[in-house]
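The values are calculated or read from the model by the stated rules, or taken from the named source; none is laboratory data. Predicted, not measured: the structure shown is a model, and the values here were computed from it. Reconstructed Cβ throughout: ideal geometry from the backbone, glycine too, with neighbour counts over all protein chains shown. What goes into the accessible areas is simple: the full protein's heavy atoms, side chains included, and nothing from ligands, DNA or RNA. Shrake-Rupley method; radii C 1.70, N 1.55, O 1.52, S 1.80 Å.
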Amino acid sequence: MKILIIGGGGREHAITWKLAKSPKVEKIYCAPGNAGIAEVAECINIGVMEFDKQVSFAKEHGIDLTVVAPDDPLAAGAVDAFEAAGLRAFGPRANAAILEGSKAFSKDLMKKYNIPTAAYETFTDPDKAIQYLETAKMPIVLKADGLALGKGVLICNSLKEAKDGVRTLMLDKQFGSAGDEIVIEEFMTGREVSVLSFVDGKTIKIMTSAQDHKRAKDGDKGLNTGGMGTFSPSPFYTPEVDAFCRERIYQPTVDAMRAEGREFKGIIFFGLMLTADGPKVLEYNARFGDPETQVVLPRMKNDLAELFEACIDGTLDQTELEFEDNAAVCVVLASEGYPEHYEKGYPVSGLEKFKDADGYYVFHAGTKFDEKGQVVTNGGRVLGVTAVGKDLKKARVNAYQAAEWVEFGNKYMRNDIGYAIDEA
């Protein structure tokens, strides 16, 4: 089969790499792709929001399946555009992608169907939001309702911080229209765990657990980013936690979406907080997480192309997910200054060391080729260096060892990815 992947980051590189291993797949295109994806797919110069061009390309090139990976095109109806043209596409339709596209929608859904989550209120009026904060308990969490590249969440420790946060989101429009409506919710404490799943509208199949590190600097300091590294599995995601989540969170979410006339087919990413009162949902994503995908897919034994087709065809109940009995750690190599101001265009060296290194992977996020054909940096998160090992500690040692193989001018990374492993 011929596959078109929409996107150009580390998540898309991991998906492309995994699909390239499937005997069912003969050719992969990626729009727009990046320098790493170009090794396993033909990159085409079409943007992720250019649905008409994507559909035309798919028709002209006899594409059998399009995989829409990022959140923005999913929320804007990319899958609907392909289906309207009679083409197969993997991912939720716009009316289901709202699970991630609107924080207010997802919180209201959880409340209606008794899915455990933090207490919250939603606001479209900044004055009413500020008034509400006067009586609220600190710390408190403010969330932009819409998509904000994973950065529209503010944790506020004081009333002043919280009021400033409302102004940032609703008046200064730091995240544009994503902040027209905000959710103010109680601050939950506990371990954070990410769980990815395949969904075919009725059946849900849970992948292995992972844990992301969102803050830019060591010790979970600094600004929120798209993710600085991750590990899988989480030692805190016990069989008891899994059993609770399957009964109270995972299947109820799929059933709730179907009951609302928003049948969900694709990937649901559950961001969970393991609180003293049990697991609760922090957030939903309607797609593979990045960089979680970069530790989950290298551990998965299944044929990814077959899983995508099962989700579309509603036959996921006939499949069992299988994972290696090992662990994986991903360390993100970023540009110094990310997520704020950083320079691009630095040549990247050392990538060839991954070619024959079994159990070591480098997934490109922000790279491109310069006019000489050299790989150069082209974003805040440049590469995800992933390594597997027999356990989490060994995988972490391997990942940091491999992170030293690569060099570029303003290379920056956290040195404590997986520090929680030592506390397990």
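Its Cα gyration tensor gives the range 316-355 an equivalent ellipsoid; the semi-axes, largest first and in whole Å, are 35, 17, 11. Distance distribution P(r), the chain, all Cα-Cα pairs, bin width 20 angstrom from 0: 27, 61, 12, 0 percent.
For the range 16-104, the calculated P(r), taken from all Cα-Cα distances in 10 Å bins from zero up to the bin holding the longest distance, is 17, 48, 30, 5, 0 percent. Pairs of Lys residues in the range 1-137 are counted when their Cα atoms are under 13 angstrom apart and they lie 8 or more places apart or on different chains; the count is 5.
Rounded to whole Å, the principal axis extents of the Cα atoms in the range 188-260 read 42, 27, 22, largest first. Here the relative contact order of the range 1-160, from alpha carbon pairs under 8 Å that lie six or more residues apart, stands at 16 percent.
Tell me the Kirkwood hydrodynamic radius of the range 284-358 in angstroms, computed as one over the mean inverse distance between distinct C-alpha pairs.
16.0
Normalised by 2.2 N^0.38 Å, where N is the number of residues, the C-alpha radius of gyration of the range 56-166 stands at 1.42. Counting only protein heavy atoms and a 1.4 Å probe, tell me what percentage of the chain's accessible area is made up of carbon and sulfur. That share works out to 47 percent. For the range 174-305, the ratio of Cα radius of gyration to the globular rule of thumb 2.2 N^0.38 Å stands at 1.10. About its Cα centre, the chain has a charge dipole of approximately 240 debye under the convention of +1 per Lys or Arg Cβ and -1 per Asp or Glu Cβ, with nothing else charged. Approximating the spin labels as points 7 Å out from Cα along Cα→Cβ, the LEU171-to-GLU121 distance works out to 1.8 nm. For the range 358-405, the alpha carbon convex hull comes to 78 Å³ per residue, rounded to a whole number.
Hull surface divided by four, with the convex hull built on the Cα atoms of the range 264-403: how many nm²?
The Cα convex hull of the range 264-403, projected and averaged over all directions, gives 11.8 nm².
Evaluated at q = 0.19 Å⁻¹, a Debye calculation over the C-alpha positions of the range 149-245 (equal weights, vacuum) places log10 I(q)/I(0) at -1.09.
The residues of the chain expose, per residue, 41 Å² of accessible area to a 1.4 Å probe.
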